[in-house]
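A.B. asks: Once you've had a glance at the structure underneath, I'll fire off some questions.
We did not get these values from a lab; they are worked out from the coordinates using the rules stated. All of these numbers come straight from a predicted model, not from anything done at the bench. Cβ sites come from the backbone with ideal geometry, for glycine too, and all protein chains shown count toward neighbours.
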Amino acid sequence: MAAIPTPSEHTRLSLQAPLSERACAAWPQIDRLHVHHRRAFAHVEAELTHGERVKLMRLRYPGTTTRWGFALYLASSDSYEDSRLPTGPVTP
């Protein structure tokens, strides 16, 4: 059985800035993003301007920083659903 890849400390730290810049530019109601790491996953929450925190997505680290898998958070089931872009397959 292969080991689950875990991102380095540098990779974990460098993930927050581009995510935050993109989210805050696209959605002015987002005050900041919070990224929490657990093994190969990065869980992303938005803090809205009035203080509420909302789960957004989970990123999966496949062993390379150039291609991350992602799953959107579904509030209706309190779970994450793997997603894919129209241009490609579900990433690991």
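A.B. asks: Report, by residue number, each residue of segment 18-47 that is more than 16 Å from R58 (Cα to Cα) and among the small types (G, A, S).
C.D. replies: Answer for segment 18-47, where residues must be more than 16 Å from R58 (Cα to Cα) and among the small types (G, A, S): A25, A26.
A.B. asks: Look through R67, R60 and report the one residue that is in contact with a Ser or Thr (Cβ under 8 Å, 6 or more places away or on another chain), among the charged types (D, E, K, R) and buried (at least 17 other Cβ atoms within 10 Å of the Cβ).
C.D. replies: Numbers: R67 fails: buried (at least 17 other Cβ atoms within 10 Å of the Cβ).
Being in contact with a Ser or Thr (Cβ under 8 Å, 6 or more places away or on another chain), among the charged types (D, E, K, R) and buried (at least 17 other Cβ atoms within 10 Å of the Cβ) holds for just one of R67, R60, which is R60.
A.B. asks: Sort through S79, S83, S20 and tell me the only one that's surrounded by 10 or more Cβ atoms within 10 Å (Cβ to Cβ), polar (S, T, N, Q) and in contact with a Lys or Arg (Cβ under 7 Å, 6 or more places away or on another chain).
C.D. replies: On the way: S79 fails: in contact with a Lys or Arg (Cβ under 7 Å, 6 or more places away or on another chain); S83 fails: in contact with a Lys or Arg (Cβ under 7 Å, 6 or more places away or on another chain).
The unique qualifying residue is S20.
A.B. asks: Would you please name the residue that is surrounded by the fewest Cβ atoms within 10 Å (Cβ to Cβ), looking only at residues in segment 2-14 that are within 14 Å of G63 (Cα to Cα) and among the aliphatic types (A, V, I, L, M)? Show your work before the answer.
C.D. replies: Here is the first cut: in segment 2-14, the residues within 14 Å of G63 (Cα to Cα) are 2-12.
Next, only the ones that are among the aliphatic types (A, V, I, L, M) stay: 2-4.
Details: A2: 5, A3: 7, I4: 12.
In this case the residue turns out to be A2.
A.B. asks: Looking at this structure, is V44 of a type in the set (V, I, T), without any contact (Cβ under 8 Å) to a residue 60 or more places away in the chain, buried (at least 17 other Cβ atoms within 10 Å of the Cβ) and under 14 Å from A23 (Cβ atoms)? Talk me through it step by step, then tell me what you get.
C.D. replies: Numbers: of a type in the set (V, I, T): yes; without any contact (Cβ under 8 Å) to a residue 60 or more places away in the chain: yes; buried (at least 17 other Cβ atoms within 10 Å of the Cβ): yes; under 14 Å from A23 (Cβ atoms): yes.
Yes, satisfied.
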